[in-house]
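Note sheet for the following structure.
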Amino acid sequence: KPQLVASNDRFCRFLEEYCPVVTETYYPTIWCWEGRVQTLLRPFITSRPQVQYRNELIKTADGGQISLDWFDNNDSSYYPDASTRPTVLLLPGLTGTSKESYILHMIHQSETLGYRCVVFNNRGIAGEELLTPRTYCAANTEDLEAVIHHVHSLYPSAPFMAAGVSMGGMLLLNYLGKTGRDTPLMAAAIFSAGWNVFESVESLEKPLNWLLFNYYLTACLQSSISRHRQMLEKLFDMDLVMKARTVREFDKQFTSVMFGYRSIDDYYEDASPCRKLKSVGIPVLCLNSVDDVFSPAHAIPVETAKQNANVALVLTSCGGHIGFLEGIWPRKCTYMDRVFKQFVQAMFEHGNKIFSM
């Protein structure tokens, strides 16, 4: 059974009634229960639902552009009026886009409930050009704030939630910690967030984890910026950036410099959501597995979560990083997908009951 950590009894009762999956026993797929195996296999095992997007490029205050992929769900029978159709903003992981299988599954779950989705692709990784020498990071929330304002201005009468995965979850938590209650979002779901970046990178630098994850992630980061080399060479020694062999080295040479931090330690401290959790002002459900090498169990801020009535943590003993595979042949729905579906439905359809239970 997952461990449900929440200081607010009303929030607990709400989840138990309207999001019961968080109290059910999670049975990981028996032949790939270990966390690293779950992490590695999910992208290859899970299906990729067909989703037709409508792309929108929005301009930013600094002259850049952000690519949004919309799933409008105009055939929704539950919410035929587009102006009031519930909207879910989805934030992919570190180098992820709207094409990731876990994003496609979230959209598929939302489609069956009649909701609209919009995917926030970080700058420069979804095929669009960089118009300024700037990409993204887990600490800087300016682009996310612009996207949330833009979506809300288009549909001001529509209930509005967000869900972030891995670094997308970290970015969303950092935004919520900064804004408190001053956000158009009514609630948020966070999956496999790295709570303390120092602990995350240290875990990923252990020999086996470096071999399985860190080297590949670093190569993905380098690949995501190499297409924009001509633009980025105005500010960076790109030859040095391309020599990085760990995420930490990449962040030291590139990310922390881009966003004006004095050192990589300053950036990692600012990027760690555990520091801002106490300031979150809307209901947030966070799912982590304690065997996730990207977010070690000892770094999950259980005590801090207990001090904020808006926060609930769901901790499974197995599941890895964005894994949560279940069933003999886990092609379609994972435990994470079920948590997402039940929580967004609970909030959109019964959210007003949280504070009256």
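The values are calculated or read from the model by the stated rules, or taken from the named source; none is laboratory data. Nothing here was measured: the structure is a model prediction, and the numbers come from that model. All Cβ positions, even for glycine, are placed from backbone atoms using ideal geometry, and neighbour counts span all protein chains on display. Quick note on the areas: whole protein, heavy atoms, side chains included, nothing else; ligands and nucleic acids left out. Shrake-Rupley method; radii C 1.70, N 1.55, O 1.52, S 1.80 Å.
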Single residue of segment 11-45 satisfying the filter (among the β-branched types (Val, Ile, Thr) and within 22 Å of residue 315 (Cα to Cα)) that is most open to solvent (accessible area, probe 1.4 Å) = 30
One residue from 280, 247, 241, 201 being crowded, with 18+ Cβ neighbours inside 10 Å, modelled with pLDDT of 95 or more and assigned by the TED database to the domain that holds residue 63 = 280
In this structure, does residue 221 turn out to be surrounded by fewer than 24 Cβ atoms within 10 Å (Cβ to Cβ) and in contact with a Phe, Trp or Tyr (Cβ under 6 Å, 6 or more places away or on another chain)?
-> yes
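Tell me yes or no: at least one residue of segment 286-293 is assigned by the TED database to the domain that holds residue 8, under 16 Å from the mean Cα position of the chain (by Cα) and charged (D, E, K, R). Lay out the reasoning, then the answer.
Step one: list which residues in segment 286-293 are assigned by the TED database to the domain that holds residue 8, which gives 286-293.
Add one more test, that the residue is under 16 Å from the mean Cα position of the chain (by Cα), and what stays is 286-289, 292.
Then drop every residue that is not charged (D, E, K, R), which leaves 292.
There is at least one residue in segment 286-293 that is assigned by the TED database to the domain that holds residue 8, under 16 Å from the mean Cα position of the chain (by Cα) and charged (D, E, K, R).
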Breaking point among (1) of a type outside the set (D, E, K, R); (2) over 26 Å from residue 251 (Cβ atoms); (3) surrounded by fewer than 20 Cβ atoms within 10 Å (Cβ to Cβ); (4) modelled with pLDDT of 95 or more, for residue 65 = (2)
Residues that are of a type in the set (S, T, N, Q), touching a residue at least 40 places away in the same chain (Cβ under 8 Å) and under 24 Å from residue 104 (Cβ atoms), drawn from segment 59-81 | 65, 67, 73, 76
Tally of residues being over 24 Å from residue 96 (Cβ atoms) and surrounded by 12 or more Cβ atoms within 10 Å (Cβ to Cβ) across segment 224-238 | 3
Selection status of residue 76, open to solvent by less than 20 Å² (accessible area, probe 1.4 Å), part of a loop (DSSP other than H, G, I, E, B) and under 30 Å from residue 259 (Cβ atoms) | no
Reported set for segment 102-116 where residues are in contact with a Pro (Cβ under 6 Å, 6 or more places away or on another chain) and part of a helix (DSSP H, G or I) is 103, 104, 108
Hey, could you check segment 305-352 for residues that are touching a residue at least 12 places away in the same chain (Cβ under 8 Å) and among the polar types (S, T, N, Q) and say which is most open to solvent (accessible area, probe 1.4 Å)?
-> 307
With (1) surrounded by fewer than 17 Cβ atoms within 10 Å (Cβ to Cβ); (2) of a type in the set (Gly, Ala, Ser); (3) part of a loop (DSSP other than H, G, I, E, B) as the list, and residue 153 as the residue in question, which single condition is left unmet?
-> (3)
What single numbered condition from (1) β-branched (Val, Ile, Thr); (2) assigned to a helix (DSSP H, G or I); (3) farther than 25 Å from residue 296 by Cα fails to hold for residue 66?
-> (2)
